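Below you'll find the structure I mean.
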Amino acid sequence: MEGTVNYEGSGDVFFAFYKGDNEQLTEMPKKDNPEKLGFDHAECSNGASVEWDSISWAPKVLNITKTKTKCTLYFSEKDSLNKLEDLMKKNPSTFAYDDTSDKNLRYIGKNPNNYIDIGDRDSEDKPILWRVIGAMKNISVIDEYGDVSSIENLIKIIRAEDIGDWSWDSSASTVNYGSGVNEWSQADLMTTLNSGLYWNKTSGQCYYRYDNGQKPCDFSSTGLTKEARNKLARVRWNTGTVGEVYSSSKITSSYIYQAERSNYNGKEQCASSGGRNCNDPVERRTTWDGFIGLMYPSDYGYAVGGSERTECLAKSIYNWIDSSPDCKGNDWLIDSSSTQWTITPVPASTEACNALYLFSSGGLSSYSASGAHAVRPTAYLKSSVKIQNKTDSDYGSSSNPFIIE
């Protein structure tokens, strides 16, 4: 079947379409097809590849160097987001669409039923549970070559419990005075989570405090299993920040959501100041491609529920330490016993080493990357991962978590 979609290169391009691995289709499924089929993957001859755009619902064929190139597009049932939305809407007080341009659907409130078992297990083969942050829109999925293969709506999850207190990053005393570098793409914690000890479920030394300090860490029970790793999507994370010296009074949920997606970086304000904590040579970026990150400050902000949610969203997250309105008491991402790292750097006039973290008392502030705070791995599930449909009233609770089919 000859295709007429966009492609780069010269020569004819032919397409075949399949539902699953074996059922050939006579035409490409439409975007709102009744079977809820979504693009799964593609196989092309002559070294070509496909970049899928779920918004325009069309493939773009890349690297065409020969004529009569054939691409087989595979479609499968991808209804986890639909199931998740149905599950969330059974209890209106536990979900809300945020006020961003993406209109993400999020779990909100003090303790919603949003626990999920993704196949993570401890040394005794007991489930290590995660929680669903929500259904996130317009996420760029990265293929094995480092290119954007598709833009999809994905389920975002966070580990229910932290994996200990560790530095976001640390550095030698000659670099930013030993306080670390606030660039996530090269951060020590990023490495631990994505290719190091946590990712490989093993033990060793982890960065802890100032001047490249380390101490023993053991993830042989709490690290990722291979089964869990295979369910996670490699995506493009936004690692931008505010474009001015950090002012805690401005950081509402909507403000920081936009800042996270900006082109400003954590060294923005001190690149030419000559401050002692500004001398690192690390190139700054505002996106990062990987599997495991941390929550955004906006994830915490938009998770607030309760009757005063509107008032909380209009208030600086820094001031959520206040008792009225009780924002922190109606936000399931708070941990009253631990301070928690977020993935977002923050600039200062004399420092290039700060990142945002959550107080155990509910507010949001910044701290040098070498500081030790609780780490809660955060990730996106592949769109091919399906949540089992159950009608139990407590489905999604810690005792009856969502199950992957």
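The values are calculated or read from the model by the stated rules, or taken from the named source; none is laboratory data. Everything quoted here is computed from the prediction, not taken from an experiment. Because the Cβ atoms are built from the backbone with ideal geometry, glycine has one as well, and the counts that use them run over all protein chains shown.
Can we say Asp394 is in contact with a Gly (Cβ under 8 Å, 6 or more places away or on another chain) and part of a loop (DSSP other than H, G, I, E, B)?
No: the conditions fail for Asp394.
While we're looking at this one, here's another question. Which residue out of Gly134, Gly180, Gly146 is surrounded by fewer than 17 Cβ atoms within 10 Å (Cβ to Cβ), of a type in the set (Gly, Ala, Ser) and either in contact with a strand residue (DSSP E or B) (Cβ under 8 Å, 6 or more places away or on another chain) or closer than 16 Å to Met295 by Cα (or both)?
After applying the criteria, what remains is Gly146.
Tell me the strands (runs of 3 or more DSSP E) entirely within region 110-222 that contain at least 1 residues that are free of Cβ contacts under 8 Å to residues at least 24 places away in the same chain.
203-207, 214-218
Let's see how each residue does on (1) of a type outside the set (Ser, Thr, Tyr); (2) touching a helix residue (DSSP H, G or I) at 6+ places or on another chain (Cβ under 6 Å):
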{"position": "Leu313", "(1), (2)": "yes, yes"}
{"position": "Thr344", "(1), (2)": "no, yes"}
{"position": "Asn354", "(1), (2)": "yes, no"}
{"position": "Leu364", "(1), (2)": "yes, yes"}
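Residues checked against (1) surrounded by fewer than 20 Cβ atoms within 10 Å (Cβ to Cβ); (2) of a type outside the set (Val, Ile, Thr); (3) touching a strand residue (DSSP E or B) at 6+ places or on another chain (Cβ under 7 Å); (4) at negative phi:
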site: Thr252; (1), (2), (3), (4): yes, no, no, yes
site: Asn263; (1), (2), (3), (4): yes, yes, no, yes
site: Cys278; (1), (2), (3), (4): no, yes, yes, yes
site: Leu294; (1), (2), (3), (4): no, yes, yes, yes
site: Lys315; (1), (2), (3), (4): no, yes, no, yes
site: Asn319; (1), (2), (3), (4): yes, yes, no, yes
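I want to confirm something. Restricting to region 313-344 and keeping residues that are part of a helix (DSSP H, G or I) and within 23 Å of the chain's Cα centre (by Cα), which single residue is farthest from Ala259 (Cα to Cα)?
Of everything passing the filter in region 313-344, Asn330 is farthest from Ala259 (Cα to Cα).
Among the residues that make up region 62-73, is at least one of them closer than 27 Å to Gly301 by Cβ, out of contact with any strand residue (DSSP E or B) (no Cβ under 6 Å at 6 or more places or on another chain), surrounded by fewer than 16 Cβ atoms within 10 Å (Cβ to Cβ) and of a type outside the set (A, V, I, L, M)?
The answer is no; no qualifying residue exists.
I'd like the residue in region 149-159 that is closer than 9 Å to Ser383 by Cβ and modelled with pLDDT of 90 or more and, out of all such residues, is surrounded by the fewest Cβ atoms within 10 Å (Cβ to Cβ).
Leu154
Still on this model: Please pick out the residue among Arg229, Arg209 that is at negative phi and either among the charged types (D, E, K, R) or not assigned by TED's automatic domain parsing to the domain that holds Thr286 (or both).
Exactly one of Arg229, Arg209 is at negative phi and either among the charged types (D, E, K, R) or not assigned by TED's automatic domain parsing to the domain that holds Thr286 (or both), namely Arg229.
Residue-by-condition table, conditions (1) within 23 Å of Phe17 (Cβ to Cβ); (2) touching a Leu at 6+ places or on another chain (Cβ under 6 Å); (3) not assigned by TED's automatic domain parsing to the domain that holds Asp21:
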{"position": "Lys89", "(1), (2), (3)": "no, no, yes"}
{"position": "Asp98", "(1), (2), (3)": "no, no, yes"}
{"position": "Gly109", "(1), (2), (3)": "no, no, yes"}
{"position": "Val132", "(1), (2), (3)": "no, no, yes"}
{"position": "Asp147", "(1), (2), (3)": "yes, no, yes"}
{"position": "Ser150", "(1), (2), (3)": "yes, no, yes"}
{"position": "Ala160", "(1), (2), (3)": "no, yes, yes"}
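For region 260-278, does any single residue satisfy the condition of being closer than 22 Å to Val132 by Cα, in the same structural domain as Tyr97 (by TED's automatic domain parsing) and touching a residue at least 24 places away in the same chain (Cβ under 8 Å)?
yes
Sticking with this one: Could you tell me which numbered condition Lys110 fails, if it satisfies all but one of (1) modelled with pLDDT of 85 or more; (2) over 17 Å from the mean Cα position of the chain (by Cα); (3) surrounded by 21 or more Cβ atoms within 10 Å (Cβ to Cβ)?
(3)
Shifting gears a bit: Just the residues that are assigned to a loop (DSSP other than H, G, I, E, B) and either of a type in the set (Asp, Glu) or more than 19 Å from the chain's Cα centre (by Cα) (or both), please, taken from region 84-103.
Selection gives Lys90, Asn91, Asp98, Asp99, Asp102.
Of all residues in region 233-259, count the ones that are in a strand (DSSP E or B) and of a type in the set (D, E, K, R).
Here the count works out to 1.
Tell me which of these Val245 doesn't satisfy, since it passes every other one: (1) surrounded by 20 or more Cβ atoms within 10 Å (Cβ to Cβ); (2) modelled with pLDDT under 95; (3) of a type in the set (Val, Ile, Thr).
Single failed check for Val245: (1).
Does Glu351 satisfy being in the same structural domain as Asp86 (by TED's automatic domain parsing) and surrounded by fewer than 16 Cβ atoms within 10 Å (Cβ to Cβ)?
no
Can we say Pro59 is outside the structural domain of Asp394 (by TED's automatic domain parsing) and not in a loop (DSSP other than H, G, I, E, B)?
Judged against the criteria, Pro59 is a match.
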